Ligand code: F6P
């Protein structure tokens, strides 16, 4: 057995959950009519209502005890202090330094990294302003109007999500595109209607060796040169965001046009580094800095608030309760805002690449559940697709609802309709509808069972006033720290991603087998051999 499952707080929670499972949210609210105001917390412009969760005061006490017993506070402080908590890669984990104010001090190996962070931010701002104003000219003298970010994973999902989230604040005469997949169709479609003379490629890759990104970057260069017929054009139409100056140089991008970051920034935690360059060009340096300020607001809250009033800690503990003691396999994240349509996809990498681990920091196999499956999409669309299962299916799916008091676009009555759905859904999920209530509506006897809603489906509701860059920053940091706290309790390394390696290695071995003129000897398993043969035959026909 691992240390975790032997902790008194864990075994107490295990026993306590047996009672908890018999309690209905209807009873919890009846016993404590103020619960909906009491079980709430506010920080960094966000309001979290966690009252519609299957927790009592005792549950929360036990969860907090678990957090204390597993050293969450010490681990948090070690992260902020720049200790090498990413033990398998021997790295510090300091995305929080990316949003530290100019006068802050964050030491890595005794060196303050904040001045470097701001130096890169300032260079990004100068460049972004040049592009936005039309001052940066392409090779033929035309201003740049199209920005194509080439990157994948953390070098794509953050900028895509945040660009979508902050479209309202973007410069509308600029076209932003994002190319991530190695499927050539994505690149072809992304540039189909673009004028190469007006197009800038931002090649974003921490390592600058990622197969998908390098293939897309090569195709981008070929596309540009096919139109401009001059290698010198690359310097005006390509910039790089990377930690690997050597590879950037080898690709042919002038390292003067490279924006750097550091090995203490994990890919999925990098959107507030230079990886956010495309976003900064779209929304402007001031909005980008506001976004960073929002991240920092939540960092400060996470770092200083007592655990029982700490929003990321509470979100993490409640999530852990369902994951480890209620056998819930997934979490649905349901933003009721069109601009947050990519938010769940972004969280998938943040959470699942971080906490999809099966061994502890010292390599022991866990005997408890770690990271959940994260999924979701904007609310009302989901209501007409998968909510049926959440309401009446056999699976427990804890949900996070995210909404805003004001819309960025005033178009009555839309926003009231939208938000009425948020409140109605969480109410329906919590309280359901009993057979008596269904019968009282005059429903035919044979339909009653079908129209009963058991309720007791847990939800969190996160509300903010309006979607600003600052609020977006706070929201992302909230989830970053939630993931951190869960990983700390599970005693796993939330900052490596060895699980993506094997597939990469095998793919690089298979590429030549697909490309060879004559079929090479194949020594995979019989399934893989047959698939490769079939592919080769059909591609040739
Ligand atoms: O998916 C694996 C991964 O290493 C991610 O962690 C990372 O965000 C992505 O690939 C892209 O890596 P890079 O920025 O080095 O191209």
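Read the figures in this text as sums done on the coordinates, not as results from a lab. Bear in mind the structure is a predicted one, so any value in this text is a computation, not a measurement. Note that we place each Cβ from the backbone using ideal geometry, even for glycine, and neighbour counts take in every protein chain shown.
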Problem set entry | Residue identified as farther than 30 Å from residue 22 by Cβ and in contact with a helix residue (DSSP H, G or I) (Cβ under 9 Å, 6 or more places away or on another chain) among 511, 443, 485 | 511
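Of all residues in region 268-291, how many are part of a helix (DSSP H, G or I), surrounded by fewer than 24 Cβ atoms within 10 Å (Cβ to Cβ) and in contact (Cβ under 8 Å) with a residue 12 or more places away in the chain?
Selection size over region 268-291: 4.
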For this session: Please enumerate the residues belonging to region 240-262 that are more than 11 Å from the ligand (Cβ to nearest atom), in contact (Cβ under 8 Å) with a residue 40 or more places away in the chain and within 27 Å of residue 101 (Cα to Cα).
Result: 259, 260, 262
Problem set entry | Identity of the residue in region 141-154, under 24 Å from residue 222 (Cα atoms) and not in a loop (DSSP other than H, G, I, E, B), that ends up nearest to the ligand (Cβ to nearest atom) | 153
For this session: Sort through 379, 356 and tell me the only one that's touching a helix residue (DSSP H, G or I) at 6+ places or on another chain (Cβ under 8 Å), at negative phi and within 16 Å of the ligand (Cβ to nearest atom).
Result: 356
For this session: Scan region 145-156 residue by residue and report those that are surrounded by fewer than 24 Cβ atoms within 10 Å (Cβ to Cβ) and either under 10 Å from the mean Cα position of the chain (by Cα) or on the phi > 0 side of the Ramachandran plot (or both).
Result: 153
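Restricting attention to region 155-170, report how many residues are part of a loop (DSSP other than H, G, I, E, B) and under 14 Å from residue 273 (Cβ atoms).
The total comes to 1.
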Exercise. Which condition number does residue 195 fail, the rest of (1) in contact with a helix residue (DSSP H, G or I) (Cβ under 7 Å, 6 or more places away or on another chain); (2) over 28 Å from residue 496 (Cβ atoms) being met?
Worked result: (1)
Exercise. Only one of these conditions is not met by residue 225: (1) within 12 Å of the ligand (Cβ to nearest atom); (2) farther than 30 Å from residue 263 by Cα. Which number is it?
Worked result: (1)
For this session: May I ask you to verify whether residue 213 is at negative phi, free of Cβ contacts under 8 Å to residues at least 60 places away in the same chain and within 16 Å of the ligand (Cβ to nearest atom)?
Result: no
